Amino acid sequence: MHTPAHNEHLLLVVSAPSGCGKTTLCREVLARMPDLAFSISHTTRQPRAGEADGVNYYFVSPARFQEALHRGEMAEWTQIYGNRYGTARATIDALFDRGCDVLFDIDEPGARQLKDAYPNVITVLVLPPTLAALRLRLISRGTEEGAALERRLQRAAEEIRAMRWYDYVVVNDTIEEAVDRLRCVIIAERCRRDRHIIGELLA
Ligand code: 5GP
């Protein structure tokens, strides 16, 4: 549950259809903002090459994930291509205790659940400059072609439609500019009057 004590913490959700360069963007922004921490999710999917447990994700078995859900330990969760992903309440609380603002790399259904639990969540949608640019990126990544590529592009269009309620859009044309845009959103949000206890300042 959201509590007024948490007002000073910024909770920032960053979502994007796949192929928009969101992972790189988040990594660059996190590297430049030491008081912003990444919320490490739990997942049942297998680690990819180069991924480490407790760094990219907490990799858990389906049974362990189910148990965590049953115990009400997840602040939000989702299922993507047969794998489960979720944010543990304990992960968020530990980052709050360290005094950090928190960045969540989660999907749109997860963002909705998080917003229900923490109404002051800020949501950012990362977009390619055009759908044609996204097509080129997916082609150059080389993981899909033909019908699979078309399916992924169609899914991307559906995802973008579902994310129309997001607060901000960061267009990822060049990585440097996208990093600047996302940093500006975070800096502006930190300046909001309701994050400051003005009464104390004037006392
Ligand atoms: P990947 O398997 O490529 O690491 O992630 C697939 C998708 O899962 C990404 O779009 C990412 O935003 C989303 N995701 C990762 N962790 C979570 C989580 O804890 N909750 C939700 N709702 N989505 C997540």
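Each reported figure results from applying straightforward, stated rules to the coordinates on display, with no laboratory input. A quick note: this is a predicted structure, and the numbers were derived from the prediction, not measured. Here the Cβ positions follow ideal geometry from the backbone for every residue, glycine too, while neighbour counts run over all protein chains shown.
Here are the numbers for the structure shown:
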read-out	value
All positions within region 116-136 that are within 14 Å of the ligand (Cβ to nearest atom) and without any contact (Cβ under 8 Å) to a residue 40 or more places away in the chain	Asp116
Selection from region 79-110 of residues that are without any contact (Cβ under 8 Å) to a residue 24 or more places away in the chain and over 23 Å from Arg164 (Cα atoms)	Gly82, Arg89, Ala90, Asp93, Ala94, Asp97
Test: residue in region 130-143 that is touching a helix residue (DSSP H, G or I) at 6+ places or on another chain (Cβ under 6 Å) and over 29 Å from Asp167 (Cα atoms)	no
Condition met for Glu76 (in contact (Cβ under 8 Å) with a residue 40 or more places away in the chain and charged (D, E, K, R))	yes
Tally of residues being without any contact (Cβ under 8 Å) to a residue 12 or more places away in the chain, among the basic types (Lys, Arg) and loosely packed, with under 14 Cβ neighbours inside 10 Å across region 151-203	5
Criterion: over 17 Å from the mean Cα position of the chain (by Cα) and crowded, with 17+ Cβ neighbours inside 10 Å - qualifying residue of Ala68, Ala52, Ala63, Ala37	Ala68
